[in-house]
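The values are calculated or read from the model by the stated rules, or taken from the named source; none is laboratory data. Small disclaimer: the values here were computed from a predicted structure and weren't measured. Because the Cβ atoms are built from the backbone with ideal geometry, glycine has one as well, and the counts that use them run over all protein chains shown. Calculation scope for accessible area: heavy atoms of the full protein, side chains included, ligands and nucleic acids excluded. Shrake-Rupley method; radii C 1.70, N 1.55, O 1.52, S 1.80 Å.
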Amino acid sequence: MNASRDAVAAFRREYRTNHIGPHYRGIAHACFTFGIGLSVIAYAVVALQDVRALEWLAVPLTFLYANLSEYFGHRGPMHHPRRGLQLVYERHAGQHHRFFTSDCMALEGVPDLKVVLFPVVMISFFLLCFALPVGLLLGWLASPNVAWLFIATAVAYFLNYEALHLIYHLPESSVLGRLPVVGKLRRLHQLHHDPRLMAHYNFNITYPIGDLLFGTLWRGRDSSRSGGGPGSVDAPTRNNS
């Protein structure tokens, strides 16, 4: 346990020195993420006109699509190297999972937000190369209302992802971290950060729909039975990835 914590502490010092520059502002990063996202959602909602009952189906369908995209994106390139996506793998499995382990989940200061929040360039990529083109396609194939509902729901899901992921990496004693539902979701993510489990279980960051559908949900066992502390898990055996 102490050796593991020492390794995390050493990596955090190295990461902060090499990857978090003196001009990085975590609060500005968070404000940009949520400010841009909320602005896009507001614009999309205002653009809606006389939404028909069938068009509202775009909301749950987009939610499910976003959840499965989150699942497969996390299970795939974030934890298994893919040609052309090595940077995604390195940033997530090679950095995020070394900065945060199941025994050391909490960030230690505002600059550590850089290890939790998506980079600004990735947010711009998501909006310009994913939400906008799909929205335009849906507007052409279905209706403008379906397009705006897709954009609003997709961006709201992304902000929900960022907010929950941030809460998971706040101190466990934080007010938000102690909310009943959030606490259960945080526990699933904490289990995912166990090095033995991270490539095999609990890939949903938000709600474990994909994990339930594809058999990768792991709730853990009582740590007292394995003699471990609060971050300990009794890891299952899994041969496939």
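Tabulated data for the structure shown
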read-out	value
Chain lengthening between VAL46 and ARG25 when straightened (0.36 nm per residue, less Cα-Cα)	4.4 nm
The chain, accessible surface, carbon-and-sulfur percent (1.4 angstrom probe)	65
Listed residues LEU179, LEU212, LEU170 arranged by accessible area, highest first, probe 1.4 Å	LEU212, LEU179, LEU170
Residue-level accessible surface for LEU61, protein heavy atoms, 1.4 Å, Å²	110
For PHE63, solvent-accessible area (1.4 Å; no DNA, RNA or ligand), Å²	70
Area of GLU90 that stays accessible when all protein chains are in place (1.4 Å probe, Å², to 10)	90
Largest to smallest accessible area among ARG75, ARG83 [probe 1.4 Å]	ARG83, ARG75
Axial C-alpha extent at least 27 Å, average Kyte-Doolittle at least -1.0 - helices from the chain (DSSP)	26-47, 144-168
Order of exposure, largest accessible area first, which applies to SER4, SER174 with probe 1.4 Å	SER4, SER174
Label-point separation in nm, GLN86 to TRP56, each point 7 Å along Cα→Cβ	5.0
In nm, spacing of pseudo-spin labels at SER4 and ALA142 (7 Å Cα→C-beta vector)	4.4
Inter-site label distance for LEU38 and SER173 at 7 Å from Cα along Cβ, in nm	2.9
